[in-house]
1. Specify the angular offset, from 0 to 90 degrees and rounded to the nearest 10, of the alpha carbon long axis of helix 173-204 from the longest principal axis of the alpha carbons in the chain.
2. Using packing as a proxy for protection, rank 87-93, 105-111, 182-188, 154-160 so that the peptide with the highest average count of other Cβ atoms within 10 Å comes first.
3. How much mean residue ellipticity at 222 nm does the chain get from its helices, if each DSSP H run of length 4 or more adds -39500 (n - 2.57) and you divide by all residues, to the nearest 500 deg cm²/dmol?
4. Of the options Ala27, Thr79, Ala40, report the single residue whose Cα projects farthest towards the positive end of the charge dipole of the chain (beta-carbon charges: Lys, Arg +1; Asp, Glu -1).
5. Name the residue farthest towards the positive end of the dipole of region 2-204 from the options Trp154, Gly113, Ala67, assuming +1 on Cβ of Lys and Arg, -1 on Cβ of Asp and Glu, about the Cα centre.
6. With charges only on Cβ, +1 for K and R and -1 for D and E, what is the dipole size of region 2-204 about its Cα centre, in debye, rounded to 20?
7. How far, in degrees from 0 to 90, does helix 127-148 lean away from the longest principal axis of the Cα atoms of the chain, to the nearest 10?
8. If you line up the long axis of helix 62-73 against the longest principal axis of the chain, both from Cα atoms, how many degrees apart are they, to the nearest 10?
Amino acid sequence: MSWLGAHAGEIAAYTLQHLALCGTSFAIALAIAVPLGLLAAKRGRVGIALIALLDAIYTIPSLALFALLIPLLGLGFWTAVTALTAYAQVILVRNIVAAVRSVPPWMVDAARGLGMTPLQVFTRVELPVGAPVVIAGARVAAVSIIAFASVAAWIDAGGLGTLIFAGIERQDIRPIAAGTLSIAALALAADAALRAMERLLRAAG
C-alpha cells in the first residue's frame, strides 16, 4: 500500500494516457467499421472477402503488428492507435453485419416504399433496430482494445503497460500488479457502461 501511495500520481498519469489511447482507437475504429459493416452486409462476395481480411489481421500477434508498423509510422501514440483500430475492426464489422441482417425485411421494404434512400434506411431503420447487437460488439471491442493497449508501451505509446514493462525490467511485482489491476478495472468499467447502454436499448426496443 505504501508503494501505491508513493506512486499514485504516476499511476493516474498512465491511466489517463491509457484512456486517451483506447478512446481515440475506439472512436476511429467505430467510424471506420460502420461503412465497412454496411458494405459487407449489402454485398455478399465483398463482405466475405472483407471479413476474411479482417480475420487475418486479427490473427497477427500484437507485438508483430506493432513491429510491422514501426518502419511505416515510427514509434508512439499514432502507431499504437493504428494497430488497435485494425484489431477492433473484425469484432465491430461482424456485429454491424449481424445487426443489419437482423432487421425484418418488411421493415426495410416499408422504408423503401416511403421513398427513403439507402443511407436513410440504414440510419433510420437498420441501425436503430440493430443497435443492441452493435453495442454488444462494441463491448467486446472496447475490452479488447483496453487489453491490447497494454502492449503499446513497448513502442513508447504510454499507458498502463509502461508499469508492467517497468516491473518486468526491474523484476518488481508491485508495478506489474498496479498496471494489471488498473487495466482490468478500466476494462470492467467500460464493459459495465456499454452493458448498461445495451440494456437500455433493448428495453426501448
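1. Compared with the principal axis, the helix lies near 20 degrees.
2. Numbers: 87-93: 24.6, 105-111: 12.9, 182-188: 17.1, 154-160: 22.0.
Going from most to least packed, we get 87-93, 154-160, 182-188, 105-111.
3. Values: 10 runs with 169 residues, N = 205.
About -27500 deg cm²/dmol.
4. After comparing all options, I get Ala40.
5. Value computed over the given set: Gly113.
6. Values: 13 positive and 9 negative charges, 153 e Å.
About 740 debye.
7. For 127-148 against the chain, the angle is about 20 degrees.
8. Once rounded, one gets 90 degrees.
Only the coordinates and a few stated rules stand behind these numbers; no lab work does. Bear in mind the structure is a predicted one, so any value in this text is a computation, not a measurement. Cβ: placed from backbone, ideal geometry, glycine included. Neighbour counts: every protein chain shown.
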